[in-house]
Amino acid sequence: MRLKGSCVAALFILCVPAVADAGPRSGIISGTVTYTGTPAKPEPINMSKQPECAKLYPKPLMTEKVVTGPGNALQNVVVYISAGASDASPLPANPAIFDQQNCRYATHVLAFRVGQDVSISNSDPWSHNIHPMPRINREWNKLQPPTTPPFSYSYDKEEFIPVKCNIHAWMLAYFVVLKNSHFSVTGQDGRFALPNLPPGKYTITAWHETFGTQSQEITILDGQSLTADFVFQAKSY
């Protein structure tokens, strides 16, 4: 039935949920590590005392104390937050991997966290003896025959640790044990990236086994992307 001369009123109430404050956004620091000058050339490794190893290389294996790339890029540099970052983030679920293959360490510079396991394996058909040489953490060495399963180890304190093989004297690598998760190891292009940084003031440090360390103080704001480059002066080793 249609009513004449009447008014019908409707009241609509729209409820919009409050938007929670998203909080500060993380930022990123990235850059490139290069060198100036003329670094000493890598030297051929003498494997004559281990002919089984020498046969693997038609051309001699070269030392890795200084490894360079295009545009004076510097490889195997550890770039990390040395001050200002929290140490409370969870450890990675997976161990860091350190393998011995073709009479060399497959990774020359391995960076990982304090308390994180390192899984050490031997892919060669002969024995190796792994001997890290810390000054702060406990020193150990262990024979690892071929076909034996990997074993794991972790460190309690931050330290840069040379690693050698007591059987093959030329084998040298580094364990870089760091307190927080903000680190990167440069590849052939010399680049690094440190993401997921909350706003704050940080010290960013670059370490190279031959050229030493450099540091910069950087303040990163909400969601910023900053560039921090490092240039090392090449010198003989």
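Relative contact order, whole percent, for region 90-179 stands at 32, derived from Cα pairs under 8 Å and 6 or more residues apart. Using the Cβ-Cβ distance between LYS41 and GLN224 with R0 set to 30 Å, the FRET efficiency from 1/(1 + (r/R0)^6) comes to roughly 0.15.
The label-point distance for SER123 and ILE28, in a model that sets each label 7 Å from Cα toward Cβ, rounds to 2.9 nm. With the cut-off at 32 Å, tell me which of the pairs LYS41/LYS201; LYS49/LYS157; LYS65/LYS142 have Cα atoms farther apart than that. As for pairs spanning more than 32 Å Cα to Cα, those are LYS41/LYS201; LYS49/LYS157. When DSSP beta bridges are restricted to pairs lying wholly in the chain, around 70% turn out antiparallel.
For region 90-179, a simple Cβ point-charge model (Lys and Arg +1, Asp and Glu -1, everything else neutral) yields a dipole of about 140 debye relative to the Cα centre. In order along region 104-116, the Karplus-derived 3J(HN,Hα) couplings, from 6.51 cos²θ - 1.76 cosθ + 1.60 at θ = phi - 60°, round to 8, 7, 5, 10, 6, 10, 10, 9, 7, 8, 4, x, 7 Hz, and Gly and Pro are given as x.
Any idea what the dipole of the chain comes to, in debye rounded to 20, about its Cα centre with Lys/Arg Cβ at +1 and Asp/Glu Cβ at -1? In debye, rounded to 20, the chain gives about 360. Take every pair of alpha-carbon atoms less than 8 Å apart whose residues are at least six positions apart; their mean separation over the length of the chain yields a relative contact order of 31 percent. Annotation: amide H-H contacts under 5 Å for PHE151 (H modelled 1.01 Å from N, sequence separation of 5 or more, or interchain): ILE120. Given region 79-156, what percent of its DSSP beta bridges are antiparallel, to the nearest 5? In region 79-156, approximately 60 percent of DSSP beta bridges are antiparallel ones. Only one item in [x] 1.12; [y] 1.00; [z] 1.50 matches Cα Rg over 2.2 N^0.38 Å derived from the coordinates shown, and that item is [z].
Think of region 119-237 as a dipole: +1 on every Lys or Arg Cβ, -1 on every Asp or Glu Cβ, centred on the Cα centre; then among SER184, PRO146, ALA228, PRO146 lies furthest on the positive end.
FYI, it's all coordinate maths here, none of it is from the lab. Keep in mind it's a predicted model, so treat the numbers as computed, not measured. Positions of Cβ are backbone-derived with ideal geometry, glycine not excepted, and every protein chain shown enters the neighbour counts.
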